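> First the structure, then my questions, so here it is.
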Amino acid sequence: MVSQRAADVTPFMAMDVLERANELDDVIHLEVGEPDFSPPERVIETAVESLRAGHTNYTAARGKPELRRAIAAHYDREYGVDIDPDRIVVTPGTSPALLLAMAALLDPGDEVVLTDPHYACYPNFVRAVSGHVRTVPLRPERGFQPRVSDFDAAVDADTAALLLNSPANPTGAVMDGETLAGLADVATDADATPVVDEVYHGLSYDAAEHTMLEYTDDAIVLNGFSKRFAMTGWRLGWMVVPPEYVDAVNRLAQNLLICAPNFVQDAGVAALETPPSRLDEIRETYRERRDLLVDAVADWGLDLGYTPQGAYYLLADVSHLPGDARDVANLLLEEAGVAVTPGVDFGEEAADYLRFSYATDADAIETAIERIEQVLPDRA
Ligand SMILES: Cc1ncc(COP(=O)(O)O)c(C=O)c1O
């Protein structure tokens, strides 16, 4: 019989939309969060060289020392923080890192406080280890920025972790340093650990990026190569853990994951050495696409109410259109051939919204905008 834990795990709706979209012809994909760039050429060359050199066996569960040193150097370069490579555990993506973090922190019944809207999969990571989710609502009029006082009110004796994400999926909100520092204090006072998913770092357009590690060493920080380096299918990520969790996380990694692919770890070192000018170029391209979509949403008469500052998503309120947001998403898919994700995937607070991803080239976005214009009911 399927366990209660497995039964409680909800489908990832963006993937359901993708499945339906793939059955139709000529669909523009604004539903998935998959970069349309190739990884830097040097990354591909390094992976091939590493494969040819026979680097195909297991590595230490915590990852190759060269990659852990390269990740530590990345923190020094990007944020001026000094991280001991011994606190870094390499994982096959950010998702397994999330699983290890939850497994390391939660006993059955423990609570994790996270925002609503949130990344669709977060509650399922919590449920997978028999934890409970408590949500803190975010408001568009605050740019979907979390308020420290809301977290303060939400934590209690059962809270084991605060699960945070900046730049955020699905809102594109980027937390400022003051908020991160405030949330670190809330966690300390509640004897809980901040778990901060920084997988969209490197993709912020108008806001300075801060890692939680600037404010506390008592956080588990997750990151990966999928988004910034467009390496989704390579499966590579990492976590930085407080010293007292290193041994537990390493034992979990040894048992549950064995290791990240050996030659991909070599490619990860090359990715971290990508010239900043190439990464800036990619960021600029995303910024242009964001501006295109933000303007279009306003032209459609939909209420954005904020400017998304990072990642490659925006949430648009469609509550004044006929039907619910799922009906509007269906209309856009079936009548306009544009796939978007209904907001309910990201929490109850997002139920009246659609998430648009701009990880698609500008020409396709422009065509999508024209097509949507034609099927939307007359605007106010
Ligand atoms: C917020 C967030 N965290 C984690 C992931 C998964 O990343 P990875 O490919 O590194 O497992 C995603 C993917 O969309 C995401 O949006």
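The values are calculated or read from the model by the stated rules, or taken from the named source; none is laboratory data. For clarity, every value in this text was computed on a predicted model and none was experimentally measured. Using ideal geometry, Cβ is built from the backbone for each residue, glycine included, and neighbour counts are taken over all protein chains shown. Surface areas here come from the heavy atoms of the whole protein model, side chains and all, with no ligands, DNA or RNA. Shrake-Rupley method; radii C 1.70, N 1.55, O 1.52, S 1.80 Å.
> Regarding the stretch 141-161, can at least one residue be identified that is among the aromatic types (Phe, Trp, Tyr) and over 19 Å from Val249 (Cβ atoms)?
Going residue by residue through the stretch 141-161, those that are among the aromatic types (Phe, Trp, Tyr) are 144, 151.
From the residues that got through so far, the ones that are over 19 Å from Val249 (Cβ atoms) too are 144, 151.
Yes, the conditions are met somewhere in the stretch 141-161.
> Given Thr211, Thr307, Thr274, which one is under 19 Å from the mean Cα position of the chain (by Cα), in contact (Cβ under 8 Å) with a residue 60 or more places away in the chain and open to solvent by 10 Å² or more (accessible area, probe 1.4 Å)?
Thr307
> Sticking with this one: Say whether the condition of being over 22 Å from Ala120 (Cα atoms), part of a loop (DSSP other than H, G, I, E, B) and open to solvent by 50 Å² or more (accessible area, probe 1.4 Å) is met by at least one residue in the stretch 217-228.
yes
> Tell me, yes or no, whether the stretch 199-207 has at least one residue that is under 26 Å from Thr307 (Cα atoms), open to solvent by 30 Å² or more (accessible area, probe 1.4 Å) and either assigned by the TED database to the domain that holds Gly80 or of a type in the set (Asp, Glu) (or both).
Of the residues in the stretch 199-207, the ones under 26 Å from Thr307 (Cα atoms) are 199-207.
Filter again for open to solvent by 30 Å² or more (accessible area, probe 1.4 Å), leaving 206.
Restricting the remaining residues to those that are either assigned by the TED database to the domain that holds Gly80 or of a type in the set (Asp, Glu) (or both) gives 206.
Taking every residue of the stretch 199-207 in turn, at least one turns out to be under 26 Å from Thr307 (Cα atoms), open to solvent by 30 Å² or more (accessible area, probe 1.4 Å) and either assigned by the TED database to the domain that holds Gly80 or of a type in the set (Asp, Glu) (or both).
> Does Ala267 satisfy being within 12 Å of the ligand (Cβ to nearest atom), open to solvent by less than 30 Å² (accessible area, probe 1.4 Å) and either over 16 Å from Ser95 (Cβ atoms) or assigned to a helix (DSSP H, G or I) (or both)?
On the way: within 12 Å of the ligand (Cβ to nearest atom): no; open to solvent by less than 30 Å² (accessible area, probe 1.4 Å): yes; either over 16 Å from Ser95 (Cβ atoms) or assigned to a helix (DSSP H, G or I) (or both): yes.
Here the answer is no, as Ala267 does not meet what is asked.
> Kindly evaluate Gly93 against the criterion of being over 14 Å from Pro242 (Cα atoms) and away from the ligand (no atom under 16 Å from the Cβ). Don't jump to the end; show me each part of the working.
Numbers: over 14 Å from Pro242 (Cα atoms): yes; away from the ligand (no atom under 16 Å from the Cβ): no.
No: the conditions fail for Gly93.
> Check off (1) within 16 Å of the ligand (Cβ to nearest atom); (2) of a type outside the set (A, V, I, L, M); (3) open to solvent by less than 20 Å² (accessible area, probe 1.4 Å); (4) more than 21 Å from Asn57 (Cβ to Cβ) for Pro242 and give me the number that stays unchecked.
Just one mismatch for Pro242, condition (1).
> What number of residues within the stretch 155-172 satisfy the criterion of being open to solvent by 10 Å² or more (accessible area, probe 1.4 Å) and more than 20 Å from the chain's Cα centre (by Cα)?
The number of residues fulfilling the criteria is 5.
> Here is a follow-up. With Tyr122, Tyr75 as the choices, which residue is within 16 Å of the ligand (Cβ to nearest atom), aromatic (Phe, Trp, Tyr), open to solvent by less than 60 Å² (accessible area, probe 1.4 Å) and in contact (Cβ under 8 Å) with a residue 40 or more places away in the chain?
Tyr122
> Okay, next question. Filter the stretch 13-46 for residues that are in a loop (DSSP other than H, G, I, E, B) and open to solvent by 60 Å² or more (accessible area, probe 1.4 Å); which is nearest to the ligand (Cβ to nearest atom)?
At the first step, the residues of the stretch 13-46 found to be in a loop (DSSP other than H, G, I, E, B) are 24-27, 30-40.
Still in the list and also open to solvent by 60 Å² or more (accessible area, probe 1.4 Å): 25-26, 34, 36, 38.
On the way: Asp25: 26, Asp26: 25, Glu34: 8, Asp36: 14, Ser38: 16 Å.
Among residues in the stretch 13-46 that are in a loop (DSSP other than H, G, I, E, B) and open to solvent by 60 Å² or more (accessible area, probe 1.4 Å), the one nearest to the ligand (Cβ to nearest atom) is Glu34.
> Give the number of residues within the stretch 321-334 that are in a loop (DSSP other than H, G, I, E, B) and either touching a residue at least 24 places away in the same chain (Cβ under 8 Å) or open to solvent by less than 10 Å² (accessible area, probe 1.4 Å) (or both). Quick ask: steps written out before the conclusion?
Step one: list which residues in the stretch 321-334 are in a loop (DSSP other than H, G, I, E, B), which gives 321-324.
From what is left, the residues that are either touching a residue at least 24 places away in the same chain (Cβ under 8 Å) or open to solvent by less than 10 Å² (accessible area, probe 1.4 Å) (or both) are 321-322, 324.
Matching residues across the stretch 321-334 total 3.
> Out of all the residues in the stretch 209-225, which are within 13 Å of the ligand (Cβ to nearest atom) and in contact with a Leu (Cβ under 8 Å, 6 or more places away or on another chain)? Can you show your working first?
Kept after step one, since they are within 13 Å of the ligand (Cβ to nearest atom), are these residues of the stretch 209-225: 221-225.
Val221, Leu222, Gly224, Phe225, listed by residue number.
> If the requirement is being more than 16 Å from the ligand (Cβ to nearest atom) and at negative phi, which of these qualifies: Gly143, Gly80, Gly182? If you could, list the steps in order and put the result at the bottom.
Working: Gly143 fails: at negative phi; Gly80 fails: at negative phi.
Going through Gly143, Gly80, Gly182 in turn, just one is more than 16 Å from the ligand (Cβ to nearest atom) and at negative phi: Gly182.
> Right, another one. Just to be sure before I move on: is Thr115 open to solvent by less than 10 Å² (accessible area, probe 1.4 Å) and either in the same structural domain as Leu99 (by the TED database) or farther than 16 Å from Glu198 by Cβ (or both) in the structure I sent? Don't jump to the end; show me each part of the working.
Details: open to solvent by less than 10 Å² (accessible area, probe 1.4 Å): no; either in the same structural domain as Leu99 (by the TED database) or farther than 16 Å from Glu198 by Cβ (or both): yes.
It is false that Thr115 is open to solvent by less than 10 Å² (accessible area, probe 1.4 Å) and either in the same structural domain as Leu99 (by the TED database) or farther than 16 Å from Glu198 by Cβ (or both).
> OK, next. So if I check each of Leu114, Leu106, Leu99, which one is within 22 Å of Thr188 (Cβ to Cβ), under 20 Å from the mean Cα position of the chain (by Cα) and at pLDDT 95 or above? Don't jump to the end; show me each part of the working.
Working: Leu106 fails: under 20 Å from the mean Cα position of the chain (by Cα); Leu99 fails: within 22 Å of Thr188 (Cβ to Cβ).
Of the residues listed, the single one that is within 22 Å of Thr188 (Cβ to Cβ), under 20 Å from the mean Cα position of the chain (by Cα) and at pLDDT 95 or above is Leu114.
> Further question: Here are some conditions: (1) outside the structural domain of Leu236 (by the TED database); (2) open to solvent by less than 40 Å² (accessible area, probe 1.4 Å). Asp361 meets all but one. Which one does it not meet?
For Asp361, the failing item is (2).
> Given Asp247, Asp206, Asp191, which one is away from the ligand (no atom under 16 Å from the Cβ), assigned to a loop (DSSP other than H, G, I, E, B) and over 25 Å from Arg283 (Cβ atoms)?
Numbers: Asp247 fails: assigned to a loop (DSSP other than H, G, I, E, B); Asp206 fails: over 25 Å from Arg283 (Cβ atoms).
Just one listed residue meets the conditions, Asp191.
> Consider Val196 carefully, then state whether it is free of Cβ contacts under 8 Å to residues at least 60 places away in the same chain, open to solvent by less than 10 Å² (accessible area, probe 1.4 Å) and touching a Ser or Thr at 6+ places or on another chain (Cβ under 9 Å). Please lay out each step first, then the result.
Working: free of Cβ contacts under 8 Å to residues at least 60 places away in the same chain: yes; open to solvent by less than 10 Å² (accessible area, probe 1.4 Å): yes; touching a Ser or Thr at 6+ places or on another chain (Cβ under 9 Å): yes.
Against the criterion (free of Cβ contacts under 8 Å to residues at least 60 places away in the same chain, open to solvent by less than 10 Å² (accessible area, probe 1.4 Å) and touching a Ser or Thr at 6+ places or on another chain (Cβ under 9 Å)), Val196 qualifies.
> Among all residue pairs at least 6 apart or on different chains, which show Cβ distances below 6 Å where the first residue, located in the stretch 136-148, is over 16 Å from Ala161 (Cα atoms) and the second is at pLDDT below 95 and surrounded by fewer than 17 Cβ atoms within 10 Å (Cβ to Cβ)?
Matching pairs, first to second residue: Pro140/Gly305.
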